[in-house]
Each structure stands twice: as C-alpha cells, then as structure tokens.
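First up is the structure itself, then whatever we jot down about it.
The values are calculated or read from the model by the stated rules, or taken from the named source; none is laboratory data. The shown structure was predicted, so the numbers you read here are calculated from the model rather than taken from an experiment. Note that each Cβ is placed from the backbone with ideal geometry, even for glycine, and that neighbours are counted across all protein chains shown. For accessibility, only protein heavy atoms count, side chains too; no ligands or nucleic acids. Shrake-Rupley method; radii C 1.70, N 1.55, O 1.52, S 1.80 Å.
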Amino acid sequence: MGANVKTILTFGIMAVMLSAVGIMQSWSLALAITNMCLISAVMALGVNIQWGYAGLFNVGIMGFTALGGVAAVLVSVSPVGGAWQAGGLGILASLAIALATIATIVFIRSKLPPSRSRSWILFFVFVAGIAIVRWQYAPAVLAIEKFEPAQTGFLGGLGLPIIFSWFVGGLFAAGAAWLIGKIALGLRSDYLAIATLGISEIIIAMIKNEDWLTRGVKNVSGLSRPVPYEVNLQSSPWFHDLVEKVGGSSLPTETLARQQALQQMVIESSSIFVKLCYTGLFVIVLCLLLWLAHRAQKAPWGRMMRGIRDNEDAANAMGKNVTKRHLQVFVLGSAVVGIAGAMMTTLDGQFTPGTYQPLRYTFLVWVMVIVGGSGNNLGSVLGAFIIWFFWIEAEPLGQWFISFITSGMAADSALKLHLIESAAHMRLIFMGVILLMVLRFSPHGLLPEQIRR
Amino acid sequence: MSEDILNALVIVSNYILVPGLAYGSQLALGALGITLVYAVLRFSNFAHGDSMAFGTMFTILGTTWLQSKGVSLGPLPTALLALPFGIIAAILLCLIMDKLVYQHYRRQKSTPVMFVIASVGVMFITNGLVRFIIGPGDRSFSDGERFIIKAREFKRMYGLNEGLSIKMTQGLTFVIAIICMALLFWFLQRTKTGKSMRAYSDNEDLALLSGINPQRVVFITWVIVGALIAIAGVLYGLDKSFKPFTYFQLLLPMFAAAIVGGIGNPLGAVLGGFVIAFSEIAITYAYRKFLIYLLPEQYEPNGLMQLLTTDYKFAVSFMILVAVLIWRPTGLLRGKSI
C-alpha cells in the first residue's frame, strides 16, 4: 500500500508545481508544459516497455520520434498534383524495383544452398537492383524537387485529418523497428546501443536530405489541426457565451468596460481552450496506452518478459524464444515512441527536421525513464512530467541562480555578462546531475518496479 | 596518356589519401581511448565525444591566452603549446568523474549497462559545461602556416594539371598520431605498468591474485585516456573546426572504429579508425574528374559519379559496423569476445 500512497503523493506534488506555474507565470505556459509533459510521458512509456520490461538499451528514440513526424506530414498535407505528375510514377517504379530486388534476394536465399556462387549471385542481384533503382529514382526526384520549390517541391501527403497520423506514426516506427531489430537485436547490450544510435542518425539524415518526401530542411509548416483555431473561436458566439458564463462574475458591471474586458478575456481564453483540447486528446492516448501496457505487464506475457530480462539463459532453457520476444517488445515500444512523435508534430503544427537532436530526443527521454523508475509505467510517466518540467523551468531557475551568484560583481564585468548569457546551458548540467543522483542514491527510480507474486 | 594516369593519381591523393590519413589518425586516437576504457573498465563510454570537446575547449582557451601574450610557434599552430592545458583538463575531468561516478559502480560490480547509463549522465554534465563555458558555436583556432605543400606550387614543380595540397594540420595530425601510438604501444608492451594493465584487462581475478593494484591500473588508464581524448580533440579541431555538437557526433564513427577493429584491442582501434575514415571519404567522394582522366573520351561520365552524398557519411560507418558485427562479431583483429 505504501507504493500507492507514494504514487498519489508524487503525482499530487507534480500537479501543485504545474498549478504554481499557472498562478505565478501564466496558465497558458502551464498548459503548454503539461502538453509536452504528456507527449514525453508517451515516449517514456515506449522506452520503459523496451528497457523496463525487457532490458533492451535503445538509444535511437530520436529516429522513431522523427518517423512519427514524417507520418504527420504524409497523412495530413494535401497531395501535390503537379509533383505527382512530374515524378510520382518514377518514385513508384523505383520503389517497386527495390521491393522486387529484395524479393529476388530472399527467394534465391531460400532456394539455393549456401555456397560461394550463391554469394556472388546475391551480390550481383543487389548491385544490379541498386543501379536500376537509381536510374529511375534520380530523374524522378529531380523533377519533383523542381516543381514549385518555394512552396512545395515534394509529393505531399494524403490530405486526411492529422489525427490518423498518430496511428500511422506508430506503424512507421514499428516497421522501422522490425527492420532494425532483425539486424541488431542479436547483439550485446552496448552494441545494440551503438547500432540504434547510428540508425537514428541515418533516419534523420534521410529526412533532412530526401526533399521529395518531406521537403527536408525546408520544413513543412501550417499542418492542419485536430482542434479548433483561436481565430474561429474568437468569432463564434457560443464561445463568447461560455467565457461569459465561466468568468462573467469577475467582469466589471458597466456595459462598455464589460464589453472590452470580455473581448480581452475571450482572446486569452481561446488560446487556453485550444491547449486544453490538446491536453484532452493527449490524456486519452496516454491513458489508453497506459492501460494496455499495464494489462500486458500483468499478463503471463509480462512475466515472461521479466523472466527473459532477469535471466536470458534460464528463459531460453524454458523454451522461450528470446530473440523473437526481444524483437516483439522492441517493435511495440518503438511504435509507442512513433505515436508520441506524431503527436508532437501535430502539437507543433510544423515538421522541422533540423531540430531533432539526440540529447533532447533520445537521452532526455532516458533520463525520464531512469528517474521515474524503470519497469514501472506510472513511474516513467512521473519521470517524464518531472524532467520536462525542469527542462523548461531550469531556464528561469538558472537565470535566478546565476544572478544570485553574480550579484556581488560589477554590473559591466565581462564574466558576469558571459555567465548570464550562457545560463540557458545550465539545464544540461542540471539533467546530468539529476540522472547521476537518482542512479546513485535511488537506482530503482522514484517509483520502483512493483513485482507481483 | 601516362600524364592522365599521373593526374588521376594526384586527384586520388589530394581528395582521398591525404584527408583519409588525417581523419583516420584522429579517429584512431579517439577509438584508442574508447577501446582502453572498454578493455580495463569494461564499459562503452558515451561521454567520450563530449570529453574530447572539453579537452579541446581548454586548449582553445590556452591558445587565446598565449596569443594575447604574443607567444607563437612560428609556422606551427599555437594550439600545440596550449595542448598541455587541454591534456591536464581532460585528465582531471576523467579522474574526477571516475571518483564521483564510476568508482561506486565498480565497487558494486554493476552490470556494464549501468556504467553506460552513468556515462550518459557524465555526457550531459560535460556537454553542459562546454556549452556553458565556451558556447555552442563553431570556432576555428588554427594559426601559423596553412600549407606544407600548396596545390599551385605542386602543379608548377611537376607540370601537371592537378595539384596536391597538404595542409599543415593534416601533416601535424599524422605525425603526432604516429608518435602517440608508438608511445602507447611501447608503454603497453614494454613497461611493467603497461603489462599490469594488460594483465588486468585480460583476467581481473588473476591480476588481483598476482598483486596488481587495481586502483593504480584504473588511475593510469584514465590518465592515458584523458591525454588521448585531448590530443584527438585538438587535432580534429585544428584540422576542421571546433563545435561541441560535432564532437558529440564523432561518437558514432569512433565507436564504429573501435568495434570494427575489435573492441578492447588497441591495434584494432588504429586499424578500425583508418578503415572507417577511408571508407567514409572514398564512398562519399565524387569520382567524375578522376574517371574523366582515366576513361577514353566517349565514355566520359555525365553525373558526379558519387556513391553517396556526404550527408550520409554516418551511414557509411554504420554499414561497415553492421557488416562486421554480422560476419565477424569480434572485429577484424580479434577483440574481447562477446
């Protein structure tokens, strides 16, 4: 029971801290932090499924997050007809040839016994396949990227509501994870780490450079939203009525002043309303995933995973296919991260490949999981809330800290100016210290894993 | 005809051989540090790239200080004089982090993955310190003579169309790297301390039994690793430029070099560094001009004849890494077995 009290207590403290931001800074900021906390919580949940359940050390989170973002673009943007006409056929053809090459290689491998001549045939098929693909692909890409490069220059997407992309983002990440897992999961833990680190860099490099798919570093902005726009809210009568009903008592009674104050209030609350809509959507997704993850952990499947994590050899001896289970959990966890990636791009309203950095998108999520408590789903959610909160609030805290230290110095001292200027980088040091402290003094995290027997 | 072949050879030397030797030496020094940490302390150090940035940062600060005093090395970059600052800073960083962080897990006999997570914490702190002190921007700190051989002079001397240029930093990198490696191998093979390090790496229990002091071995290892970190970082920064994020990204090719060569095996790290560097450069180089010299006129290529654009250079080290892990998991030279 002690564990439950602790869970409620820690989440309560978190709620109080977010409210404090709302009261002392602004509610808009508090909601913005909450929304990113919720998205980080989904990411941390995904990592916890891999690390906490099965002990897989994946440091390619950034790549799966970015794949979710790609899904958001490909689902929501309307198709660019001109670009499809210019090079769509070529892209489809090269895709088909690539698939045919892979199919041929798989077919030959399954039909011929391993031998030197088989290796040569496979090599030849591979090289020929690449050559034909490039012959189709290069002109198609050129044609697409030449089509109105200032506005589009890419194929666009399907033009569907962006909310579908959350599911598609999960699928993309799952597909990539399956491919990666097939190659890298047989490796020892730190080799897997290096391999996933490399793959995430490659995914980002592809997104940055394959302009025909995602516009690369030219970014895709103005993605459609699953929630209303502020401008529309401000002009709709029902929203005015709602604002008046909720906040009317604090308004002045005189008609003209009341009208002006109400108008101001409507503008402020429209942005809060939009953020609340996002919060609602994210809470639904998080709760659904948490429930599924909880069910899986409690089920025999979860016990088997823990068994594999704690003693691979014993699990193997019991007839469990360790590599297959690892692949399964790797795909599942990555899919959850992909969902979070799509959610994040939806919230941002734009896809900016240049902003994906491993420190922020991979290692920070790891800090969340370790601090929260690996193996405990609620723990990783809590970790996500705490770490994201401090990641944002470390900036004002760092400023305050620096101005406290430098208060004795002369106002124009170069050292003081330099320190104030670089206070923003303090948060990296904060994060490192938090991670090391938790790892050292509370290695199971704030909410440790609860083993049910 | 023979002149065409000579021109083609000069192109290859200028764009692949010389940069490859320089970049390979830098990677080899970095990979040596990774492999030593792995062999003696038994974990993959994710803070390696950022520690390199840390050591380089102190060298840069020292260089600026020396320049303000009017000290210079003539044709050589002033940074060489300031290198000791960087080496001492990097060694101190390694020793302090070992005392504060890693020592605890060593006593607990924690699993390697715990060390790796701890090294992620160290990475955050080091990265934060570097950005805090010197900022995240790009800076170049090389001074003195820029070239050993200039392309224009080479062309005039040999009467060829193509020129060969060797930058001072490239030459320095290669020479210093060779000296460092020679010293390291001499130390590991010939001195008593080096032998005790190898013994400890090979079989910890047996080494303890024969009276080797583990604390001393760990201490010496961090001192060597710190020196290698600073030298590799400074040479890379002199040759290209210093930017904290680039140093973090070097982690991947350095790890690839260490693993490809056989992790835990110093000779393998050197081999791996050159393998990774040469393949990265050779695969992302555009061979158009080279082929124009060699092929008869009617077969002249239209495209750039580039296998991959330079944006995908990470993919190259990664593909080699995967290929080696699949077909020869212990690395080219047999490293610590899995």
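Out of (1) open to solvent by 20 Å² or more (accessible area, probe 1.4 Å); (2) farther than 21 Å from B:Tyr247 by Cα, what's the single condition that is false for B:Ala39?
With (1) open to solvent by 20 Å² or more (accessible area, probe 1.4 Å); (2) farther than 21 Å from B:Tyr247 by Cα applied to B:Ala39, the lone miss is (1).
Could we say that B:Gly272 is crowded, with 23+ Cβ neighbours inside 10 Å, within 14 Å of chain A (Cβ to nearest Cβ) and at positive phi here?
Answer is no for this residue.
Give me a count of the residues in the stretch A:249-286 that are surrounded by 14 or more Cβ atoms within 10 Å (Cβ to Cβ), more than 37 Å from the chain's Cα centre (by Cα) and part of a helix (DSSP H, G or I).
So the answer is 3.
Among all residue pairs at least 6 apart or on different chains, which show Cβ distances below 8 Å where the first residue, located in the stretch A:257-283, is under 15 Å from A:Ser235 (Cα atoms) and touching a residue at least 24 places away in the same chain (Cβ under 8 Å) and the second is open to solvent by 40 Å² or more (accessible area, probe 1.4 Å) and among the aromatic types (Phe, Trp, Tyr)?
Listed by first residue and then by second, the contacts come to A:Val274/A:Tyr229.
Do you know which residues across the stretch A:141-163 are open to solvent by less than 80 Å² (accessible area, probe 1.4 Å), among the aliphatic types (A, V, I, L, M) and within 28 Å of A:Leu281 (Cβ to Cβ)?
Across the stretch A:141-163, the qualifying residues are A:Leu155, A:Leu160, A:Ile162, A:Ile163.
Go through the stretch B:68-116 and give me each residue that's in contact with a Phe, Trp or Tyr (Cβ under 7 Å, 6 or more places away or on another chain) and over 25 Å from B:Cys180 (Cα atoms).
B:Tyr102, B:Tyr105, B:Pro112, B:Val113, B:Met114, B:Phe115, B:Val116
Considering each residue of the stretch A:413-453, count those that are surrounded by 18 or more Cβ atoms within 10 Å (Cβ to Cβ), within 12 Å of another protein chain (Cβ to nearest Cβ) and either part of a helix (DSSP H, G or I) or of a type in the set (A, V, I, L, M) (or both), and give that number.
Residues meeting the conditions: 16.
Which residues, counting only those in the stretch B:93-112, are open to solvent by 20 Å² or more (accessible area, probe 1.4 Å) and over 22 Å from the mean Cα position of the chain (by Cα)?
Within the stretch B:93-112, B:Ile96, B:Lys99, B:Leu100, B:Gln103, B:His104, B:Arg106, B:Arg107, B:Gln108, B:Lys109, B:Ser110, B:Thr111, B:Pro112 meet the criteria.
What is the number of the single condition among (1) part of a helix (DSSP H, G or I); (2) more than 14 Å from chain A (Cβ to nearest Cβ) that B:Leu321 does not meet?
Unmet for B:Leu321, out of (1) part of a helix (DSSP H, G or I); (2) more than 14 Å from chain A (Cβ to nearest Cβ): (2).
From the list B:Phe124, B:Phe115, B:Phe147, B:Phe141, which one is crowded, with 19+ Cβ neighbours inside 10 Å and modelled with pLDDT under 90?
One residue alone meets the criteria, B:Phe141.
Out of the stretch B:284-318, which residues are in a helix (DSSP H, G or I) and within 13 Å of chain A (Cβ to nearest Cβ)?
B:Thr284, B:Thr310, B:Asp311, B:Tyr312, B:Lys313, B:Phe314, B:Ala315, B:Val316, B:Ser317, B:Phe318
Can you find a residue that is surrounded by 18 or more Cβ atoms within 10 Å (Cβ to Cβ), within 24 Å of B:Leu235 (Cβ to Cβ) and not basic (Lys, Arg) anywhere in the stretch B:182-192?
There is at least one residue in the stretch B:182-192 that is surrounded by 18 or more Cβ atoms within 10 Å (Cβ to Cβ), within 24 Å of B:Leu235 (Cβ to Cβ) and not basic (Lys, Arg).
Quick one: in the stretch A:351-389, of everything that is open to solvent by less than 10 Å² (accessible area, probe 1.4 Å) and not in a helix (DSSP H, G or I), which residue is farthest from B:Met123 (Cα to Cα)?
A:Phe351
With (1) open to solvent by 40 Å² or more (accessible area, probe 1.4 Å); (2) at pLDDT 85 or above as the list, and B:Tyr158 as the residue in question, which single condition is left unmet?
The one condition B:Tyr158 does not meet is (2).
Which residue out of A:Gly81, A:Gly129 is at pLDDT below 85 and small (Gly, Ala, Ser)?
None of the others qualify; the one that does is A:Gly81.
Residue by residue through the stretch A:172-189, note down the ones that are part of a helix (DSSP H, G or I) and open to solvent by 10 Å² or more (accessible area, probe 1.4 Å).
Within the stretch A:172-189, A:Phe172, A:Ala174, A:Gly175, A:Ala176, A:Trp178, A:Leu179, A:Ile180, A:Lys182, A:Ile183, A:Ser189 qualify.
Restricting attention to the stretch B:143-160, does a residue exist that is hydrophobic (A, V, I, L, M, F, W, C) and within 9 Å of chain A (Cβ to nearest Cβ)?
no
Among (1) in contact (Cβ under 8 Å) with a residue 24 or more places away in the chain; (2) within 14 Å of another protein chain (Cβ to nearest Cβ); (3) in a helix (DSSP H, G or I), where does B:Gly137 come up short?
If we test B:Gly137 against (1) in contact (Cβ under 8 Å) with a residue 24 or more places away in the chain; (2) within 14 Å of another protein chain (Cβ to nearest Cβ); (3) in a helix (DSSP H, G or I), just (3) comes out false.
Conditions tested, residue by residue: (1) in a loop (DSSP other than H, G, I, E, B); (2) farther than 28 Å from A:Leu192 by Cα; (3) open to solvent by 40 Å² or more (accessible area, probe 1.4 Å).
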{"position": "B:Phe54", "(1), (2), (3)": "no, no, no"}
{"position": "B:Gly70", "(1), (2), (3)": "yes, yes, yes"}
{"position": "B:Pro84", "(1), (2), (3)": "no, yes, yes"}
{"position": "B:Ile91", "(1), (2), (3)": "no, yes, no"}
{"position": "B:Val120", "(1), (2), (3)": "no, no, no"}
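With the requirement that a residue be open to solvent by 60 Å² or more (accessible area, probe 1.4 Å), free of Cβ contacts under 8 Å to residues at least 40 places away in the same chain and within 28 Å of A:Ser28 (Cβ to Cβ), what does the stretch A:390-412 give you?
A:Glu395, A:Leu397, A:Gln399, A:Trp400, A:Phe401, A:Phe404
Out of the stretch B:211-265, which residues are charged (D, E, K, R) and surrounded by fewer than 19 Cβ atoms within 10 Å (Cβ to Cβ)?
B:Arg216, B:Lys240, B:Lys243
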